[in-house]
Structure formats: C-alpha cells, structure tokens
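S.K.: Quick one: the structure is below, questions incoming.
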Amino acid sequence: MDIKSLEDRFNEKIDKDIRIEPKDWMPENYRKTLIRQISQHAHSEIVGMLPEANWITRAPSLRRKAAALAKVQDEAGHGLYLYSACETLGIERDQLLQDLHSGKAKYSSIFNYPTLTWADMGAIGWLVDGAAIMNQVPLCRASYGPYARAMVRVCKEESFHQRQGFEIMLTLCRGSEEQKKMAQDALNRWWWPSLMMFGPQDKDSTHTEQSMRWGIKRFTNDELRQKFVDVSKPQADLLGITIPDKDLKWNEERGHYDFGEINWEEFFNVIKGNGPCNKQRVDARRNAYDNGAWVREAAAAHAEKKAKKQQAA
Ligand code: FAQ
C-alpha cells in the first residue's frame, strides 16, 4: 500500500475512534509523540515513588505504613505497565532509562519538590493523585490501544491513592491545632506545583493541538487545570483549610472558579532541571539502576543456562 493510502486509513481510524494497535501502520510523529508522553509518564511514576518512600519508615501508625507501602508499590507497577506499553512502539526499556538518567527525558515537575512533614503524604494523595486522575481518566480513551488499556488499571489505583490522601488530610484537620497547621502548610506548598502538573498554558503548549487531533489528549492543559480547581475548592472548604490564592473566587458567568496567575518561570525552571530536588531524584534513580546491575546480570546468566540446557535436551 502506498503512503497516502496508509495515512488515509490511519486518519479514518482516528476519526472513527478506532484504536491504533502496535502492528498497525502509524505516522512516525505519532509514534514519537507517544514514546515521549508514555515514557515521561512512566518515569514520573518511578521518580514519584521517591518523595513518598521517604515517609514509609516514619508513618505514624501501622495502618498508615501499610497504606503508604501499598501506594508506593502501586506506583512501581504503574511504571512497569507504562514502560511495557511504550516498548510496543519499538523502543527498548533500557534506552528509555538511559534517557531518564542522562536528563534527556522529562518526568513530572511535581516530583522535584521535597516532602517535609507527614502532612505532605496527605497533600500528595489528595492533590497530586487528584491532578493525576483528572489528567489520566481521559487517557483511558487515548487512541493508542496499549496506552489506553494501561490507563484503566492505573486510574482505578490512583483513585484509591487520592482517597487515602484526603483521609490523611481530614484526620489532621480534625486533630489538634498543630496538626491542622501542618495540613495548611502542606496545602500552601503543594497547591501551585499541583496546578503546574497540567503543563504550560494552552497558548504555550507545543504538543496539545496535534495530540488532540490524534486523539491522544482529549482535553487541553488549561481545561483540565480548570476542572481540577473546580473540584478542589469545595474539598478544601470541607477540610476547613484555605487554598493559598487570594484571586480564587467563583465566577457566576463562567460557571467556574477564577484563579490567580501561576508562576510559569518557576515551572520552566523546574522542567529544565533546576528545581529543589531534580539532582537528588535523578541521582537516586541512577544509583538504583547501577546497584541493580547484579540482578540483571544474574537473570541474563540464568536465562542463558536454561536455554543451553533446553538445547542439550
Ligand atoms: N512536568 O506541549 P506540552 C503521577 C513538558 S503521574 C514536566 O503541553 P504535552 C502519578 C512536556 O513534556 C504524573 N514536563 O506537552 C503519581 C513538553 O516537553 P518536551 C505524570 C512537563 O505532552 C502520583 C513541554 O513541557 N503524568 O502523578 C510538564 O502535550 C503521586 C511542553 O508541554 C503524565 O505524564 C510537567 N508537569 O502535555 C505518582 C500524564 N508539563 O517533551 C506518584 C501523561 C509539560 O516537548 C505519586 N502526560 N511538560 O520537551 C500528559 O498528559 C502530557 O504529557 C502533559 C503535558 C499534560 C503532562
């Protein structure tokens, strides 16, 4: 089939909302965009384990420790589904990891901030997982089959994460004055970085228009950010804590909350690698990879031995 017919067939599938599968023909830029987005997403999951892992040993009760442990394990699992989905596009996992370690591949800006108190575990679950779900539920309908299917499972687990985070916040907010202060302080520090998770404003977003046309993204960055603000404000009211934005107010005409200006300079600085914890996070991933070399070598040696035995039999 000539390239024009292949393109027509691909576009027809996109228009009819028929999933694109790994063996289907696809434009090179569609493949590249997916590799970029899915790998960034996978890296975010495994880097995202680091700020929370910091609190597993210091969780205030056995119940909290078990939940934190399960959550961080889920994130490792999400990374694995996503790396597998990405590999179906014809790239090796090792290459993806090299790109993370060299700083070539991005991961979510949010994981470059430190987790200073136990309340940060609550704020991350409530806000960071909340923002992640807002962005990821529409990805369950992404046009690329393996990505969309991975997202279905991821979203179910993220929704548990969001609830456990909100419950931590609720417990703190119903606790002592000091606990409530901790919850407010965590909200103050995590609110704006959570809004940045949705990416640059639509007017500055390089990929949104094309990704929407290809059915990878179903909503723009600004649309999802607005939805997130709209659901979060009543949740903060229920907790009895205040979102740190003096411009946040209901706009009757728009049927949405208006909110203040995001510090875009901070966002672009963080994604360029200059956030408070960028170096620490990438170093931790690099060390984990290097320290795991013996496991990869042992697994390869075992597979070789097994293959030789089978040949001899
Ligand atoms: N951080 O043109 P756009 C989670 C980059 S998972 C860093 O708008 P696009 C689970 C972007 O890559 C969180 N970089 O890009 C969890 C591009 O750079 P490039 C991760 C960002 O792709 C919870 C440039 O800026 N979720 O949290 C960010 O159309 C708790 C221009 O941007 C996903 O990855 C950012 N925030 O839209 C784990 C979801 N935003 O490559 C542990 C899937 C933008 O041209 C604990 N991804 N950039 O050099 C997406 O939906 C999209 O990729 C967006 C960005 C919306 C993130």
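The values are calculated or read from the model by the stated rules, or taken from the named source; none is laboratory data. What you see is a predicted model; the values in this text were computed from it and never measured. Neighbour counts are summed over all protein chains in view; Cβ atoms, including those assigned to glycine, are modelled from backbone coordinates with ideal geometry. Quick note on the areas: whole protein, heavy atoms, side chains included, nothing else; ligands and nucleic acids left out. Shrake-Rupley method; radii C 1.70, N 1.55, O 1.52, S 1.80 Å.
S.K.: Where does helix 62-87 land angle-wise versus the long Cα axis of the chain, in degrees 0 to 90, nearest 10?
M.R.: Approximately 40 degrees, to the nearest 10.
S.K.: On the protein heavy atoms, probe 1.4 angstrom, tell me the percent of accessible surface of the chain carried by carbon and sulfur. Intermediate values should be presented prior to the final figure.
M.R.: Values: 8830 of 16400 Å².
Ligands and nucleic acids excluded, carbon and sulfur reach 54 percent.
S.K.: Still on this model: At 1.4 Å probe size, what's the solvent-accessible area of ILE262? Round to the nearest 10 Å².
M.R.: Accessible area of ILE262: about 10 Å².
S.K.: Turning to a different aspect of this structure: Rounded if a/c is under 1.5, else prolate if a/b is larger than b/c, else oblate: which is the stretch 175-299, with a ≥ b ≥ c the root eigenvalues of its Cα gyration tensor? Please list the in-between numbers first.
M.R.: Details: a/c = 2.31, a/b = 1.34, b/c = 1.73.
Oblate.
S.K.: Are there GluC sites (Glu not before Pro) in the stretch 189-284 that DSSP puts in a loop and that have at most 11 other Cβ atoms within 10 Å, and which ones?
M.R.: Details: sites: GLU209, GLU223, GLU252, GLU253, GLU261, GLU265, GLU266; in loops: GLU252, GLU253, GLU261.
In loop regions of the stretch 189-284 (DSSP not H, G, I, E or B), the sparsely surrounded GluC sites (Glu not before Pro) are GLU252, GLU253, GLU261.
S.K.: Arrange the peptides 102-108, 303-309 so that the one whose residues have, on average, the most other Cβ atoms within 10 Å appears first. All intermediate terms of the calculation are to be shown ahead of the outcome.
M.R.: On the way: 102-108: 15.7, 303-309: 9.9.
Output ranking for 102-108, 303-309: 102-108, 303-309.
S.K.: Find the all-direction average of the projected area of the Cα convex hull for the chain, expressing the result in square nanometres with one decimal place.
M.R.: Taking the Cα atoms of the chain, their convex hull projects to 20.5 nm² on average.
S.K.: A further question on this structure: Taking only DSSP H segments of four or more residues, each worth -39500 (n - 2.57), what value at 222 nm results for the chain once the sum is divided by all its residues, to the nearest 500 deg cm²/dmol? Each step should come with its number before you reach the end.
M.R.: On the way: 13 runs with 202 residues, N = 313.
Computed ellipticity for the chain at 222 nm equals -21500 deg cm²/dmol.
S.K.: Let me ask you something else. In the Gaussian network model of the chain, springs joining C-alpha atoms below 10 Å, which of THR88, THR33, THR57 carries the largest mean-square fluctuation?
M.R.: Looking only at THR88, THR33, THR57, the biggest GNM fluctuation is shown by THR57.
S.K.: Another question, then. How would the stretch 67-167 be classified by its alpha-carbon gyration tensor: rounded, prolate or oblate, with rounded meaning a/c under 1.5 and the a/b versus b/c comparison settling the rest? Don't jump to the answer; show the numbers that get you there.
M.R.: Working: a/c = 2.15, a/b = 1.37, b/c = 1.57.
Oblate is the answer for the stretch 67-167, as a/c is 1.5 or above yet b/c matches or exceeds a/b.
S.K.: Taking the Cβ of ASP290 as the center, what net charge do the other residues with Cβ under 14 Å away carry, scoring Lys and Arg +1 and Asp and Glu -1? All intermediate terms of the calculation are to be shown ahead of the outcome.
M.R.: Numbers: positive: ARG285, ARG286, ARG296; negative: ASP94, ASP283, GLU297.
Residues close to ASP290 contribute a combined charge of 0.
S.K.: Turning to a different aspect of this structure: Determine the sum of side-chain charges near ALA148: Lys and Arg each +1, Asp and Glu each -1, restricted to other residues whose C-beta is under 9 angstrom from that of ALA148.
M.R.: Values: positive: ARG19, ARG141, ARG149; negative: none.
That sum, taken over residues with Cβ under 9 Å, equals +3.
S.K.: Okay, next question. Under a Cβ-Cβ cut-off of 14 Å, what is the net charge of the residues other than ASP222 that fall near it, where Lys and Arg count +1 and Asp and Glu count -1?
M.R.: On the way: positive: LYS203, LYS217, ARG218, ARG225, LYS227, ARG254; negative: ASP202, ASP204, GLU209, GLU223, ASP230, ASP258, GLU261.
Every neighbour counted, the sum reads -1.
S.K.: Pick from ASN221, ASN278, ASN291: which residue has the top mean-square fluctuation in a GNM of the chain where Cα pairs under 10 Å get a spring?
M.R.: Of the options given, ASN291 has the highest mean-square fluctuation.
S.K.: Turning to a different aspect of this structure: Taking the mean number of other Cβ atoms within 10 Å as a proxy for protection, how do you rank 159-169, 231-241 from highest to lowest?
M.R.: Details: 159-169: 19.7, 231-241: 15.8.
Highest to lowest by the protection proxy: 159-169, 231-241.
S.K.: What accessible area per residue, rounded to a whole number of Å², is obtained for the chain using a probe radius of 1.4 Å? Intermediate values should be presented prior to the final figure.
M.R.: On the way: 16400 Å² over 313 residues.
Heavy-atom SASA per residue in the chain reads 52 Å².
S.K.: Tell me the angle of helix 177-196 to the major Cα principal axis of the chain, expressed in degrees between 0 and 90 and rounded to the nearest ten.
M.R.: 50 degrees
S.K.: Taking the Cα of THR88, stepping 7 Å toward and past its beta carbon, and measuring to each backbone N in the stretch 150-165: which are under 11 Å?
M.R.: Label zone hits: 150-151.
S.K.: Moving on. Among rounded, prolate and oblate, which fits the stretch 219-268 when a ≥ b ≥ c are the square roots of the eigenvalues of its C-alpha gyration tensor, a/c under 1.5 means rounded, and a/b larger than b/c means prolate?
M.R.: Working: a/c = 1.66, a/b = 1.23, b/c = 1.35.
Taking the square roots of the gyration eigenvalues as a ≥ b ≥ c, the stretch 219-268 is oblate.
S.K.: What nm distance separates the two modelled labels at LYS227 and SER205, each placed 7 Å from Cα along Cα→Cβ?
M.R.: The modelled label-to-label distance comes out at 1.1 nm.
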